[in-house]
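Novice: Quick one: structure below, then a few questions.
The values are calculated or read from the model by the stated rules, or taken from the named source; none is laboratory data. As the structure is a computational prediction, the values presented were derived from the model and not from experiment. Here Cβ is always computed from backbone atoms with ideal geometry, including for glycine, and neighbour counts include all displayed protein chains.
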Amino acid sequence: MMNMETKDKIKQQVTGNPVVLYMKGTPQFPQCGFSALAVQALNACGVKSFFSVNVLENPDIREGIKTYANWPTIPQLYVNGEFVGGSDIMKEMYQSGELQKLLEGLRQQA
(Lines give C-alpha, C1' and ligand atoms only; values in the text may rest on other atoms or scores of the structure.)
Protein backbone atom coordinates (compact mmCIF):
# COMPACT_ATOMS: atom_id res chain seq x y z
CA MET A 1 0.00 0.00 0.00
CA MET A 2 1.30 3.42 -0.93
CA ASN A 3 1.56 6.04 1.78
CA MET A 4 0.12 9.53 1.28
CA GLU A 5 3.54 11.18 1.26
CA THR A 6 4.70 9.03 -1.66
CA LYS A 7 1.42 9.52 -3.49
CA ASP A 8 1.63 13.31 -3.06
CA LYS A 9 5.24 13.35 -4.21
CA ILE A 10 4.40 11.36 -7.35
CA LYS A 11 1.39 13.58 -8.05
CA GLN A 12 3.53 16.69 -7.63
CA GLN A 13 6.19 15.34 -10.02
CA VAL A 14 3.64 14.24 -12.61
CA THR A 15 1.59 17.44 -12.57
CA GLY A 16 4.50 19.85 -12.06
CA ASN A 17 6.46 18.88 -15.17
CA PRO A 18 5.26 18.62 -18.78
CA VAL A 19 7.16 15.38 -19.47
CA VAL A 20 8.01 12.91 -16.69
CA LEU A 21 9.73 9.57 -17.12
CA TYR A 22 9.99 7.12 -14.24
CA MET A 23 12.89 4.89 -15.18
CA LYS A 24 15.69 2.66 -13.96
CA GLY A 25 18.83 4.77 -14.04
CA THR A 26 19.14 8.24 -15.56
CA PRO A 27 18.64 9.56 -19.10
CA GLN A 28 22.44 9.66 -19.46
CA PHE A 29 22.93 6.18 -17.98
CA PRO A 30 19.77 4.07 -18.27
CA GLN A 31 20.09 0.85 -16.26
CA CYS A 32 17.73 -1.32 -18.24
CA GLY A 33 16.99 -1.75 -21.92
CA PHE A 34 13.38 -0.62 -21.61
CA SER A 35 14.40 2.62 -19.89
CA ALA A 36 17.03 3.20 -22.59
CA LEU A 37 14.37 2.68 -25.27
CA ALA A 38 12.04 5.17 -23.57
CA VAL A 39 14.78 7.83 -23.45
CA GLN A 40 15.64 7.21 -27.11
CA ALA A 41 11.99 7.60 -28.09
CA LEU A 42 11.73 10.94 -26.26
CA ASN A 43 14.99 12.17 -27.79
CA ALA A 44 13.86 11.07 -31.25
CA CYS A 45 10.72 13.18 -30.75
CA GLY A 46 12.88 16.22 -30.06
CA VAL A 47 12.41 16.19 -26.29
CA LYS A 48 15.97 16.67 -25.09
CA SER A 49 15.34 17.52 -21.47
CA PHE A 50 12.59 16.11 -19.34
CA PHE A 51 11.98 15.36 -15.69
CA SER A 52 13.17 11.87 -14.88
CA VAL A 53 12.98 9.87 -11.68
CA ASN A 54 15.46 7.07 -11.04
CA VAL A 55 13.31 4.50 -9.25
CA LEU A 56 16.39 2.48 -8.27
CA GLU A 57 17.29 5.28 -5.85
CA ASN A 58 13.81 5.51 -4.41
CA PRO A 59 12.12 2.23 -3.43
CA ASP A 60 8.97 4.03 -2.20
CA ILE A 61 8.42 5.64 -5.58
CA ARG A 62 9.44 2.46 -7.38
CA GLU A 63 6.57 0.62 -5.73
CA GLY A 64 4.24 3.61 -5.47
CA ILE A 65 4.31 4.48 -9.16
CA LYS A 66 3.02 1.00 -10.02
CA THR A 67 -0.01 1.63 -7.82
CA TYR A 68 -0.39 5.24 -8.94
CA ALA A 69 -0.85 4.33 -12.60
CA ASN A 70 -2.09 0.82 -11.96
CA TRP A 71 0.73 -0.26 -14.28
CA PRO A 72 3.11 -3.01 -13.13
CA THR A 73 6.27 -2.10 -15.01
CA ILE A 74 8.85 0.66 -15.30
CA PRO A 75 9.57 2.84 -17.28
CA GLN A 76 6.42 4.92 -17.17
CA LEU A 77 5.87 8.08 -19.19
CA TYR A 78 3.60 10.94 -18.16
CA VAL A 79 2.79 13.88 -20.41
CA ASN A 80 0.89 16.88 -19.03
CA GLY A 81 -0.07 14.90 -15.94
CA GLU A 82 -1.51 11.98 -17.92
CA PHE A 83 -0.10 8.45 -17.86
CA VAL A 84 0.94 7.51 -21.40
CA GLY A 85 2.43 4.06 -20.91
CA GLY A 86 5.59 2.00 -20.74
CA SER A 87 8.30 1.44 -23.32
CA ASP A 88 6.23 -0.95 -25.48
CA ILE A 89 3.42 1.57 -25.78
CA MET A 90 5.92 4.39 -26.39
CA LYS A 91 7.56 2.35 -29.15
CA GLU A 92 4.21 1.62 -30.83
CA MET A 93 3.15 5.26 -30.51
CA TYR A 94 6.47 6.41 -31.94
CA GLN A 95 6.17 4.07 -34.92
CA SER A 96 2.65 5.30 -35.65
CA GLY A 97 3.60 8.97 -35.21
CA GLU A 98 1.31 9.44 -32.18
CA LEU A 99 4.14 10.06 -29.73
CA GLN A 100 5.60 12.84 -31.88
CA LYS A 101 2.17 14.52 -32.04
CA LEU A 102 1.69 14.18 -28.29
CA LEU A 103 5.08 15.74 -27.57
CA GLU A 104 5.03 18.32 -30.36
CA GLY A 105 4.23 21.36 -28.27
CA LEU A 106 6.52 20.31 -25.44
CA ARG A 107 9.89 20.27 -27.20
CA GLN A 108 10.71 23.87 -26.37
CA GLN A 109 9.14 23.94 -22.90
CA ALA A 110 10.92 20.93 -21.45
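Novice: When the range 1-17 is examined, which residues are found to be surrounded by 10 or more Cβ atoms within 10 Å (Cβ to Cβ) and either of a type in the set (G, A, S) or not in a helix (DSSP H, G or I) (or both)?
Specialist: Those that are surrounded by 10 or more Cβ atoms within 10 Å (Cβ to Cβ) and either of a type in the set (G, A, S) or not in a helix (DSSP H, G or I) (or both): M2, N3, G16, N17.
Novice: Right, next: Quick one: S87 ticks every box in (1) more than 22 Å from M4 (Cα to Cα); (2) over 12 Å from the mean Cα position of the chain (by Cα); (3) modelled with pLDDT of 95 or more except a single one, so which number is it?
Specialist: Going through (1) more than 22 Å from M4 (Cα to Cα); (2) over 12 Å from the mean Cα position of the chain (by Cα); (3) modelled with pLDDT of 95 or more one by one, S87 breaks only (2).
Novice: Cβ-Cβ distance below 9 Å, separation of 6 or more or different chains: which pairs start in the range 67-95 with a residue that is closer than 17 Å to A36 by Cβ and end on one that is small (G, A, S) and assigned to a loop (DSSP other than H, G, I, E, B)?
Specialist: Final answer for the pair search is T73/G86; I74/G86; P75/G86; Q76/G86; L77/G86.
Novice: Among what's in the range 56-72 and is surrounded by 13 or more Cβ atoms within 10 Å (Cβ to Cβ) and over 15 Å from D8 (Cα atoms), pick the residue that is farthest from the chain's Cα centre (by Cα).
Specialist: Checking each candidate, the answer is L56.
Novice: Also: Of the numbered conditions (1) in contact (Cβ under 8 Å) with a residue 12 or more places away in the chain; (2) under 16 Å from L103 (Cβ atoms); (3) in a helix (DSSP H, G or I), V20 satisfies every one except a single condition; which is it?
Specialist: For V20, the failing item is (3).
Novice: Looking at the range 34-44, which of the residues that are in contact (Cβ under 8 Å) with a residue 40 or more places away in the chain and not aromatic (F, W, Y) is surrounded by the most Cβ atoms within 10 Å (Cβ to Cβ)?
Specialist: Among those that are in contact (Cβ under 8 Å) with a residue 40 or more places away in the chain and not aromatic (F, W, Y), it is A38.
Novice: Next up: Failed condition for T26, given (1) crowded, with 18+ Cβ neighbours inside 10 Å; (2) on the phi < 0 side of the Ramachandran plot, with all others met?
Specialist: (1)
Novice: Would you pick out the residues in the range 96-110 that are free of Cβ contacts under 8 Å to residues at least 12 places away in the same chain, of a type outside the set (D, E) and on the phi < 0 side of the Ramachandran plot?
Specialist: S96, K101, G105, Q108 - these are the residues of the range 96-110 that are free of Cβ contacts under 8 Å to residues at least 12 places away in the same chain, of a type outside the set (D, E) and on the phi < 0 side of the Ramachandran plot.
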